[in-house]
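Values quoted throughout were computed directly from the atomic coordinates according to the rules given, and no laboratory measurement underlies them. In this text, all values refer to a predicted model and were calculated from it rather than measured experimentally. Neighbour counts run over all protein chains shown; Cβ positions are idealised from the backbone, glycine included.
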Amino acid sequence: MHRTAEPVALFFCHGGRSLRRAKEIGGQAVIEGVMLKDDRRMVIAVRATDGRIVTESRALASLRSRFPWLRWPVLRGVAALVETVSLGVWALITSANLSSEDEGMTWGETVASVGIAVIMAVGLFVILPTVAVGALRRQIVTSPLGLNLLEGLVRVLVLVLYVAAISLMPDIRRVLQYHGAEHQVIHAWERGAPLTAAQAARFPLTHPRCGTSFLLQVALVSVFVYSIFGWPSLAARLILRLCALPVVAGLAYEVLRWGARGPAGRNAWNWPGKLLQRLTTRRPDDHQLEVALVALRALVGGKGT
């Protein structure tokens, strides 16, 4: 693990690689910064309270590199989800500690925060939709397929309303700006543009590999997977939905890859995800783009052009 500090006004120019030649770079917005990663390293860059841009990096050991069978279709999506969640939690905690002068989160606080987040996610996106639709059975829809379709619609609606509601919070709005900065600098790198704030600002705020699109794909794919089991009792539905979640995530990952790497004709499939990303991104300012660019330079700076 390595930590450095960068000057506030750092701009740089790096001849990026074309999308076909570059290894995929992913990441996420964190507190007052951005996390970027490839298949070997991850870097977090945050704006500290004194104005410096502080970075922290760590080497990655992918599950898919240690267990080749996890590279198989669907299984690779499950492995990617486990890695993304674990790294995402670490990145959020690290960014909170780097950006603040207060003491870092304790182990107990970290476990409690993650536990509450998991419970809220299961409650909002698994329990609430199936309970709500179950209460409407025989009043609106009676067929198992129709009930599952209606449950999927409710799940998507809850997701959209939840994202729209939290986006109104000032602190969350800053995170969404860093989310937009993350996308813009990745676009600049993939297209070989000069890596400056002015150049990165020209690129879209949306990206086809965004985790927001993945969440929407999960909601859509779940309709088809859950329909296989019909419409059993509430207890059985909850157990089946939780047990089938890895399969749903794996299939959604394959759908996302198919759409992200496909020709322009697949833009229609990516369109709903891009719409949802309008709620999860905001246009960053130059200072926020600087932070994202510092993270990108730290990640790719040791590689050739």
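Overview of values
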quantity: Burial ordering of W231, W189, W258, fewest other beta-carbon atoms within 10 Å first; calculated: W258, W231, W189
quantity: Theoretical gain in end-to-end length, E24 to D171 [0.36 nm per residue, Cα-Cα removed]; calculated: 50.0 nm
quantity: Positive-end extreme of charge dipole, segment 2-300 - chosen from V225, P170, T110 (charges on Cβ); calculated: V225
quantity: In order through segment 271-281: 3J(HN,Hα) via Karplus (6.51 cos²θ - 1.76 cosθ + 1.60), integer Hz, x for Gly, Pro; calculated: 4, x, x, 5, 4, 5, 5, 5, 8, 9, 10
quantity: Residue-wise HN-Hα coupling along segment 182-190, computed from phi with Karplus coefficients 6.51, -1.76, 1.60 (Hz; x: Gly, Pro); calculated: 4, 4, 5, 6, 5, 4, 4, 5, 5
quantity: Rel. contact order, % - alpha carbon contacts under 8 angstrom, at least six apart, the chain; calculated: 29 percent
quantity: Sorted by Cβ neighbour density within 10 Å, fewest at the top, the residues R40, R282, R58; calculated: R40, R58, R282
quantity: Under 5 Å, built H, 5+ apart or other chain: amide partners of L195; calculated: H14
quantity: Cβ-defined net charge surrounding L150, 15 Å radius [Lys, Arg +1; Asp, Glu -1]; calculated: +4
quantity: In Hz, Karplus ³J(HN,Hα) per residue of segment 76-87 (6.51, -1.76, 1.60; θ = phi - 60°; x = Gly, Pro); calculated: 5, x, 5, 4, 5, 5, 4, 5, 5, 5, 5, 5
quantity: Per-selection Rg to Rh, the chain - Cα, Kirkwood hydrodynamic radius; calculated: 0.99
quantity: Assigned charges on the beta-carbon of Lys, Arg, Asp, Glu; segment 166-305 dipole about Cα centre (debye); calculated: 240 debye
quantity: Under 13 Å from the W90 label point (7 Å along Cα→beta-carbon), backbone N, segment 50-72; calculated: 56-63
quantity: Enclosed volume per residue, in Å³, of the convex hull spanned by Cα atoms of segment 163-260; calculated: 122 Å³
quantity: Gain upon complete extension [V122, S143; 0.36 nm per residue less C-alpha separation]; calculated: 5.1 nm
quantity: Total charge dipole magnitude, segment 2-300, about the Cα centre, Cβ charges on Lys, Arg, Asp, Glu only, Debye to nearest 20; calculated: 1260 debye
quantity: Per-q log10 I(q)/I(0), segment 90-245, q = 0.17 Å⁻¹ (Debye; single scatterer per alpha-carbon; no solvent); calculated: -1.08
quantity: Local electrostatic count at A181 - Lys and Arg +1, Asp and Glu -1, tallied over other residues with Cβ under 12 Å; calculated: -1
